[in-house]
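Quick notes on the structure that follows.
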Amino acid sequence: MIDLRTKAGGIELDTPLILASGILDENGYTMRRILEAGAAAVVTKSIGVDERNGYTSPVVFEGENYIINAMGLPNPGIEEYGGEIKIAEEAGKPVIGSIFAADAPTFLKLAGEMVDYGVSAIELNLSCPHVKGFGTEVGSDPTLVKDIVETLKASIDIPIWSKLSPNVTDIVEIGSAASESDALVLINTVRAMAIDINARMPVLTNVYGGLSGNAIKPVGLRLVYEIKKELDCNIIGVGGIGNASDAIEYIMAGASAVQIGTALWRKGRGIFDEINQGISGFMKDSGIGSIGEMIGVAVQ
């Protein structure tokens, strides 16, 4: 019998597939439908203290096997978001609250609000590549990362996940700083840009954005592998996963679960069942009974 259940970041999951933050997750009804369509859990839109409108269009550029986006962290603010979480939780599966801030006290305030809303875990956005003062600017400072994680672990009773950036010099140094987290989420988007050759100017109003989609899978795999090899920690893989083979690669590189983002944008909600069935088929053909048997098997 094939068992797709896994434990990732202190949470029991029916399958290893989670909706990544930033894709169809600002609205509670949309998150609920995605959970009903086969996702084992969802991560909310990254939420801050106050409402943000984000950048003006164009904010998304779509290439053949990738997307570059610079949304600017649009969100309604933490005080207005509780109702959306309650709707998503009606599906009876874990909802993970993603938050962003510039310092430990603000992260703690946001995490406390998310706990009150009933989320199953907190994901710290330490890796957004295109908003000044947040994301990568925070997540590239190991001293600040360590302070944030230790502050939240000392005060918050639910699991804490740290989503790290590939746009750093030494991922192991940042991973070590965040090692008290219940999971390291690897990776967020890669800083990138596109140019309109007819207009002779950058496509995105912010100039730079975050590269996602299948193009970044080799980068994500490498960083998951590197962290698994060097650190004793739980990992959730994300970046370029569009089919069962992609997900299995991440699991064999050391991830206990994976997050799906751009593939949902392109293929729709059926992507979760499609990948789950593909993983089950591979496990059956390979004589593998559980997800746990695959985690980290490729790490030399």
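Observations on the structure shown:
- Within the option set Glu90, Glu64, Glu113, Glu84, being outside any strand (DSSP E or B) and farther than 20 Å from Ile158 by Cα holds for one residue only, Glu64.
- Residue pairs whose Cβ atoms lie under 7 Å apart, sitting 6 or more positions apart in sequence or on different chains, and linking a residue in segment 242-258 that is in contact (Cβ under 8 Å) with a residue 60 or more places away in the chain and under 13 Å from Ser280 (Cα atoms) to a partner that is assigned to a strand (DSSP E or B) and of a type in the set (Val, Ile, Thr), are Ala247/Val258.
- Residue in segment 3-18 that is in contact with a strand residue (DSSP E or B) (Cβ under 8 Å, 6 or more places away or on another chain), of a type in the set (Val, Ile, Thr), in a loop (DSSP other than H, G, I, E, B) and at negative phi present: yes
- Within segment 94-110, being assigned to a loop (DSSP other than H, G, I, E, B) and over 17 Å from the mean Cα position of the chain (by Cα) holds for Ala102, Asp103.
- Among the candidates Val238, Val299, Val258, residue that is hydrophobic (A, V, I, L, M, F, W, C) and in contact with a Lys or Arg (Cβ under 7 Å, 6 or more places away or on another chain): Val299
- Considering segment 280-300, and only residues there that are in a loop (DSSP other than H, G, I, E, B) and hydrophobic (A, V, I, L, M, F, W, C), the residue that is surrounded by the fewest Cβ atoms within 10 Å (Cβ to Cβ) turns out to be Val297.
- Hits in segment 27-56 (condition: assigned to a loop (DSSP other than H, G, I, E, B) and of a type in the set (Lys, Arg)): Lys45
- For Leu24, the conditions (1) more than 17 Å from the chain's Cα centre (by Cα); (2) farther than 16 Å from Cys128 by Cβ; (3) of a type outside the set (S, T, N, Q); (4) part of a loop (DSSP other than H, G, I, E, B) all hold with the exception of (1).
- In segment 26-49, the residue that is surrounded by the fewest Cβ atoms within 10 Å (Cβ to Cβ) out of those that are in contact with an Asp or Glu (Cβ under 9 Å, 6 or more places away or on another chain), of a type in the set (D, E, K, R) and farther than 18 Å from Gly237 by Cα is Glu26.
- Of the numbered criteria (1) over 23 Å from Leu110 (Cα atoms); (2) of a type in the set (A, V, I, L, M, F, W, C); (3) buried (at least 19 other Cβ atoms within 10 Å of the Cβ), the one Ile78 fails is (1).
- Residues of segment 239-264 satisfying the condition of being closer than 21 Å to Pro94 by Cα, in a helix (DSSP H, G or I) and among the hydroxyl-bearing types (Ser, Thr, Tyr): Thr262
- First in segment 114-138 and buried (at least 23 other Cβ atoms within 10 Å of the Cβ) and hydroxyl-bearing (Ser, Thr, Tyr), second anywhere and part of a helix (DSSP H, G or I) and at pLDDT 95 or above, Cβ under 8 Å, 6 or more apart: none
- Ala88 vs. criteria out of contact with any Pro (no Cβ under 7 Å at 6 or more places or on another chain), at pLDDT 95 or above, surrounded by 15 or more Cβ atoms within 10 Å (Cβ to Cβ) and more than 17 Å from Ser212 (Cα to Cα): yes
- Among (1) out of contact with any helix residue (DSSP H, G or I) (no Cβ under 7 Å at 6 or more places or on another chain); (2) part of a helix (DSSP H, G or I); (3) surrounded by 16 or more Cβ atoms within 10 Å (Cβ to Cβ) - the single one Leu223 does not satisfy: (1)
- All of Gly268, Gly278 fail the test of being without any contact (Cβ under 8 Å) to a residue 40 or more places away in the chain and in contact with a helix residue (DSSP H, G or I) (Cβ under 6 Å, 6 or more places away or on another chain), apart from Gly278.
- Among the strands (runs of 3 or more DSSP E) confined to segment 146-196, the ones with at least 2 residues that are buried (at least 23 other Cβ atoms within 10 Å of the Cβ) are located at 160-163, 183-186.
- Any chance Ala199 is in contact with a Pro (Cβ under 7 Å, 6 or more places away or on another chain), over 15 Å from Cys128 (Cα atoms) and of a type in the set (A, V, I, L, M, F, W, C): no
The values are calculated or read from the model by the stated rules, or taken from the named source; none is laboratory data. None of these values were measured; they are calculated from a predicted model. Virtual Cβ from ideal backbone geometry, glycine too; neighbours counted across all protein chains shown.
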